[in-house]
Structures are given as C-alpha cells and as structure tokens.
1. With the structure loaded, tell me whether residue 601 is under 26 Å from residue 776 (Cα atoms), of a type outside the set (Ser, Thr, Tyr) and more than 16 Å from the ligand (Cβ to nearest atom) or whether it fails that test.
2. Inside region 244-330, counting only helices (runs of 4 or more DSSP H) that do not spill past its ends, which hold 1 or more residues that are over 17 Å from the mean Cα position of the chain (by Cα)?
3. Filter the strands (runs of 3 or more DSSP E) completely within region 429-508 down to those with at least 1 residues that are of a type outside the set (D, E, K, R) and closer than 30 Å to residue 417 by Cα.
4. What tally of residues in region 76-102 results from selecting those that are over 32 Å from the mean Cα position of the chain (by Cα) and either within 30 Å of residue 158 (Cα to Cα) or not in a loop (DSSP other than H, G, I, E, B) (or both)?
5. Out of all the residues in region 1-42, which are closer than 23 Å to residue 188 by Cα, surrounded by fewer than 16 Cβ atoms within 10 Å (Cβ to Cβ) and in contact with a Pro (Cβ under 7 Å, 6 or more places away or on another chain)?
6. Which number in (1) touching a residue at least 60 places away in the same chain (Cβ under 8 Å); (2) touching an Asp or Glu at 6+ places or on another chain (Cβ under 8 Å); (3) not acidic (Asp, Glu) marks the one condition that residue 725 misses?
7. What number of residues within region 756-782 satisfy the criterion of being touching a helix residue (DSSP H, G or I) at 6+ places or on another chain (Cβ under 9 Å) and part of a strand (DSSP E or B)?
8. Residue 585: of a type in the set (Val, Ile, Thr), outside the structural domain of residue 325 (by TED's automatic domain parsing) and at pLDDT 95 or above, yes or no?
Amino acid sequence: MLDQYRRIKRDHQGEVLFFRLGDFYEMFQEDAVEVSSLLNLTLTSRTGQPMCGVPYHAARSYIARLMRLGKKVAICEQISEPGNGLIERQVVEIITPGTTIDEDYLDRGSSNYLACLALSKESLSFAYIDLSIGDFYATSFPSENAAELLRGELERLDVKEMIIQESLLEEYKPIKDAIDERTGLVLNRWADWLFDKERSRERLNKQFGSASLKGFGLGENAPEIISAGALLDYLDDTAKTLIPHVRAIAVYDDSEFVGIDEATQRNLELIRNLQDGENHFTLLEVMDHTRTAMGRRLLKGRILHPLRDAAKINARLGMVEKLYHNQEKLGCFRDMLAKTPDLERLCSRIAMDKAHGKDMAAVKNALNSFGLIYQESRVFDFQFESPEAALLAGEKNSQALVLLGELKKLLEKGLAEDPSILLTEGKLIQEGFDPELDRLRELRDNGRKTLETYLEEEKGLTGIASLKIRYNRLIGYYFEVNKNHLSKVPGHFIRRQGMATGERYTTNRLGELESEINGASDKIIELEKKLFLEIREQAKSCLESLGSAGRYIAELDAAQSLARASTIHGWARPIVDNENRLRIIEGRHPVVEAHLPRGEFIPNDVILDEAGIAFALITGPNMAGKSTYLRQAALTVIMAQAGSFVPAEEAIIGMCDRIYCRVGASDSLARGESTFLVEMNETAYILHTATEKSLVIMDEIGRGTGTNDGLSIAWAVCEDLLDRIKCRTLFATHYHELSQISHPRMSNRSMEVSDNNGEIVFLRKLKEGSTSNSYGLHAARLAGLPETVLERAGEILETLEAANPIKAQIPPHEKKESKVPSEREAKFLSKLAKLDPDSLTPLEALNLIHEWKKSVSVPGENFVKRRSLIKDESGGPSLFDTEI
Ligand SMILES: Nc1ncnc2c1ncn2[C@@H]1O[C@H](COP(=O)(O)OP(=O)(O)OP(=O)(O)O)[C@@H](O)[C@H]1O
C-alpha cells in the first residue's frame, strides 16, 4: 500500500495528498509531518513512516483550514471495492485556493480569483477567472509599466492563486518583487514550453464552442490568448471536470476603468483598512448594505473598477435614484433579497456536477425569490448593465423566463422538502413525483409495519415481553433475547451471535421480511439518485438563464445597497461629465463622517476647474484635517464613477482616467526599500503616467529626507504637475515655502485654526490663502510629550524661525522640454517596441513610415525633438535619429 502511496504522491509533489484508507484520509511522510503541525493532529507512524489522518466525514473542515493556509490538496479515493488484494486508488480532485467552488472553502462576499501571467512577445498577458461563478477576464500590460500594473491588479482582485511563466520570475526582477510581496498568494511556476499560443487558442475555442476568438475581442495576435488558454489547461488538471458555466471571456484594457494603482487602493482604504486589512473603516463598509453574496461581490468589484463611461455611470445612478425615491419598495426589495441564496455560485456547482440536494433546494428558493423580485422590479423600468440581465428585464416572456419557470415547477414538485446532501441515502425526491418510487416506498414502509406485527406475534408465542428486533450492517435484522429469557427461546429461532447480555437470533420469516425490505430500500435509493440527477441535469440545461437571473439579482442588490446607504448617510446624486473639473459642494469624508456623531463632521468644498484653478496647495497645522479633506475628494470621485451617490450637497464630477493617492513617508519594508525610495518611486510613477484627466492627491510628499532636499523635490514636482501634466491636484504639505510658487492654475488654501492665546481649536474648515504655522508643538502636547521636552522644543523653534533657513530666492521655473514621453508618445513607443520587422512586407513597412510621418507632423507634438530619448539600449542610432 505504501508503494501505491509513493507512486501516486510522485505525481502530486505540490499538493498534500489525502489518501483514502477506509473511513479515513491518511497523510504520510513529509505531508504528515507538515499537516500534523499545521492542523494540530496527532502524528503516528506506520511501518516506520510518519502518518496522520482525519475522518472522512470531517475532512471538509480540515481542507478548509489548509486552503486558508494556502495549501493545495489532492483527494485520492478508493475506486475499487474492497476484496482480495490491493484496492485501486486514484486522485479524483485537486482542491486549490484558486480553483475551489466549495462554499466551505470560499468567502461568501468575495470573488475568488485564479490568475495567470505569461509573456507574449513584448507585453505581458494576464488572465483571471473566478471558477465559483464562471467570470473570466483577460488583459495585457505593456512592458514599460508591467510591474506597477500587475501590482494594481493583484491588489484590486486579491488573487488567491496564480500560474506564472517561470522565465518571468527569473528574468524580470520587478515582476518577481511584485509577486514576492503578496505573501498569501499560492504560486504555480510553469515552464516556458507549457505556454503555447496555438494550443491556448484551441483550448479557448473548445471551451466556448467557437471557431474563432474574434467575437471575444481576441484577434489573431492578441497577447491575452496565451495566459487565458494556460489558465484553462490548469483547470483541466485540477478540477478534473468540465466547466460549462465558463461561457465567455471579457477582454479589457485600462481605458475602461479608472486606473487605481496598488498604493492608491491601500491609501484610500477602499476595501481593506491599513491597520489590520479588515473591512472596518473602509469605503466598502459604508457603501455595503447588500443583502446577498452576489450583490456584495458586485459592489466590491464596482468600487475597485470605477467606470470611465458617463452613459454607464448614469444608468447605474438612475437605478439607485429610482430606489432612493421609493423607500417603501426599497424596503420590500431588501426583504426579498435577504432570502435569496447565492444563485451564481450554485450555478457553478450545477455546471461541475457537484450540486447536492441542499444546493438544489437553494436553487428552488433562489428561483422563488427571483420570481417575486422580477415581478416587483418591472414597474421601475430599470436599465440593467450586463447584457444578460438587460435581456431578462427587457423581454417579459422571454425564453429564459419560461425555462426558469419550468425549472422552478420541477424543483417544487420533485425535490424533497429537506433533501439529503448525500446521493446514497435517499431523502431526495418528494412523494407523488414518480409512481414507481411511491410504490417502492409503500412496499418498504409496509415491510416495517409487517416487522412490527411479526415481533408482536413472536412476543406472544415465546412469552418474552422484552423481545426486540434490531438491525446491524453485519447480520441484518435479528431478534435480541436477554440472557434471563434464554430458556424461553423456541426451536425455530436460529442463533446468530452471542453477547454479554444475551443472544441474537434470526428466523426464516425474519430473513424473508428482510430481503423484501432491503430490496425495496436499495431500489428506492437507486431510483431517488437517478431522479435527482435527472432534475440536476435539467437545471444544467438552464445554466445560462440561471446565470442571468443571478446577475439580475446582483445588480438590483448593488443598486439597493447604494440607495440605502444614500438614505442613511444623506448622499446626493452627482452630475458626471467629461469636463476636467471637480465641483464638490459641502463634501464630506464618507468613512470619517460615518464614525463621528451625527452632524459633527465639518463639510468642505472641493473646487478644481480646468479653466481656472486645477491645483490646490493645502497647508495647515497637524491634526487640522488636511489628509481627511484630500482623501474625501478622491473617494467622492471613486464613488461617483462607480455609480453611487456621494457625500456632498451637490457634486459635478468631471470623470478622471486615473486617481493617484500618495502619502509621504509610508513604509514598505516588505519591498526592502527605504521609505524615501518608495516615496520617490511612487512619485516617479505618477509623473510618468498621470494625464490631464487624472486626479492626483499628494499628502506630504518629500518628508522622508532632509528639509532642503524634500522641499526642493516637492517644489519641482508641483511645477511639473502644474506645467506639463496639468491634472487636477490636491497637494497637502507642511512646507509652507511651497506657497511661494506663483502659477495662474494654482491656489493656496489652508485649514482654519483659531488660536486664542495658545488655546488652539481646529475649525476643520478650508479657507483661501496659506498658513505658516504648523502648531506641531501643540500636536506634540496633545500626544503627551513631557513638558520639559516641549519647553526645549519651543526655544529651538524660536531660534530656527529667527534664522529662517529657507531664505534663498528660488529662480522662476523655466519651462524645459520634458524628459517624459506624453501618453500619445508612450503608446507609439509601445507599438514600435511590439513590432516584428521580420514579419513585415516592404509595402507594410512603407505604409507604417507614412503613418508615423503623419503622426509626427501633428502641431504641438514633436517626436523629432526628443529623439535622444528613444535611442536603443546599445546606444546606437534609433529610428528616430533619422531626420524625418
Ligand atoms: N472635516 C472634519 N470634520 C470633523 N472632523 C475632522 C474633519 N477632518 C478631519 N477630522 C478629524 O481630525 C483628525 C485629524 O485629521 P487629519 O489626519 O486629516 O489631519 P491632518 O491635517 O492631515 O494632520 P497631519 O498633518 O498631522 O497628518 C482626524 O481624527 C479626523 O477624524
């Protein structure tokens, strides 16, 4: 047996092998040593080999714990009946954190992503899937910013498991660093030869039943194909079943959603807080009043993927508004949604033939709720976002609705009231559904009654009042006679077994009754299983419609959640347009406000305007509320573009393409970089990627180094943002000297403080103009610094202020040609980098040159001037060295 174990284990080195031995799953050797310590199991040994085990019926809870610890588990079952010789065993399933669809191993309100990263010529191919609901996405990252973009996606998606092309880890340090930082990520390193574009294309076509992938936005050379195909290969190996619920792939690029990089997601505490990574004190917490797991997952996704399409945003807002204005119906929807099971995840269990009786009962309940919700929602004429939900909403008697209605009836008629989760013990099918099943049940039940009558008969005959009929698996039905009555046992009793307390007997009549009852029972179990599987198969044929119903419920739930939050917190519908402006009147920080007593949060306006002031430099003492103000601006934009009402009296949000939120001096010890280096890396990233349509929030940048260095850097960064990028910016600083920057697009604003002879009160109101006092000593006093230290600090401060270390006159900013390529140039360069000259015909090459010539002759943009920038790495002349 151990040889068999070793043989199987050889193919499952990366997984903990759960090896079925009778009623236990056993682990041996290194698995046993590791798992016994992880799960606190007793470590024993078998023929000198370390061993530990868990009972088969309790295995799920142990597997769930291993999943949470980032382990993969291979389930090895006995596949032949016990008899003479070795039982055959085989791995029937591999459960991994990214591929599991089992509710016990999943977080209800979070998506569960498995991702794949591969190299595709010059770009990186990135795909991810949530197998538990069948959502499948792909994108590609241009090589220039690949590591930052990957970081952003991994943070946003909270990927649980990833397949990665080995050479990427070995040859691209920034990628390796981005992966290494995610400590909980389960990583599968795949050799390069396993990534094959042609095979990937075939696998994807097979999955979608398509002849070409063009319909999914995947052209002939689309880089996304390679990672998406590899992902399906991996699922073939692990899930070991078909995945028919994965019916399409959505290819996206960064122009669809607001770019929110990893640091911004964290600094704004969108989904997880900075303290313990939980969702308390986050934006999600205040927005989330969902009633279903489907709605919660969707809402989370929307917060992390705000849109850049005003029509779509307005459709979401419209749905929220209709519910907001009809509080009675809002309450009614909330009640109905609260009773709705997770149809999306049930669909994947049906698709993968894993839905048990209770799952099917949940489908029945979900369909019931859906029917009621659908009926109630029709009067609202909601504009649903996903095509599948929109289709359901649009066609009153669509085919999908008919199918769902029929399935609901079938489940109501066929499924037992409280069905078993096993296929092997009956209790699955309702009475009156199948005549043959009813007949067998009657036979079985009558058999039991007959047994009772027969027992009474024998009691009378033998005079043993305590005579009992019992059953065990070994000898079946038997009479049990207490030892006090053994003398009364009649001749037709056949002795089967002795016990300490008496004897066990059978009779010919008892044997006959037993075969009648058992025959019927076995047939019932078989028939119930068959009927149940037929019902499940019927549900499987409606998967698409079930998925649409799930999505319909999720969208409605997300909208009602936002309507509810708006009602509780007094949020207003924003106007969202394409202008480069922000006009938030009486805005509040949604999270800080929610945790303060009602009315205590002091609202402030955020006014940034394309034509006028787009850059606000905010000074003010410590504790004055600068950071809160900055973040509330970013959060308001995210909320609006996610399709939510916002915490303001009124708001006009000119859509942002990217939002950056940087906080100076934040540690990133995990990256092994100095605090200041991280700050500068992040600032560089903003200066390289922000556009005129971005919103940049900078909170005390430049603090992590010497005053003069920090101030100079902050000054130059402000100038670059003002002159070159021209984006909307809120820049908070304690370098009051920055207020000397004089620029028509910049305004100085500060947080008001009342100072009544040293009695400091923070008014938390933004006013025009700068301030030159940081009241740092006041904050230090509040923090409890000893009085002697404070006194001494006061003396030093006076001396320093008298000396005024930053006296030098800063020369005016001379606009120099920027060293950073514009977005258009960057796109062009990326295209150029991807070009394969060997595959071009001379005519194609000539056409390209014509195209380039056209693009460089656009007024105001001049690549020729910047040719020194794009020399190839060898230092030799690049294409752009040639005068065009
Ligand atoms: N508008 C407001 N209304 C009420 N309370 C506020 C407001 N803004 C901020 N606060 C509270 O004031 C405290 C300090 O705010 P914040 O951290 O934003 O100040 P800061 O100016 O950035 O301070 P520092 O410069 O020391 O980082 C926070 O606890 C916050 O809850």
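The values are calculated or read from the model by the stated rules, or taken from the named source; none is laboratory data. This is a predicted model, so every value here is computed, not measured. Backbone-built Cβ (ideal geometry, glycine too); neighbour counts: all protein chains shown.
1. Details: under 26 Å from residue 776 (Cα atoms): yes; of a type outside the set (Ser, Thr, Tyr): yes; more than 16 Å from the ligand (Cβ to nearest atom): no.
So residue 601 does not fit the description; no.
2. On the way: elements: 262-267, 283-287, 293-304, 310-324.
Fully inside region 244-330 and qualifying: 262-267, 283-287, 310-324.
3. On the way: elements: 468-472, 476-482, 494-498, 502-506.
Result: 468-472, 476-482.
4. Residues of region 76-102 over 32 Å from the mean Cα position of the chain (by Cα): 78-90.
Now drop any that are not either within 30 Å of residue 158 (Cα to Cα) or not in a loop (DSSP other than H, G, I, E, B) (or both), which leaves 78, 89-90.
Looking only at that region, the number is 3.
5. Result: 29, 33.
6. (1)
7. Restricting attention to region 756-782, the residues satisfying the condition of being touching a helix residue (DSSP H, G or I) at 6+ places or on another chain (Cβ under 9 Å) are 758, 760, 764, 766, 769-774, 776-777, 780-781.
Applying the additional criterion that residues be part of a strand (DSSP E or B) yields 760, 764, 766.
Number satisfying all stated conditions: 3.
8. Working: of a type in the set (Val, Ile, Thr): yes; outside the structural domain of residue 325 (by TED's automatic domain parsing): yes; at pLDDT 95 or above: yes.
Against the criterion (of a type in the set (Val, Ile, Thr), outside the structural domain of residue 325 (by TED's automatic domain parsing) and at pLDDT 95 or above), residue 585 qualifies.
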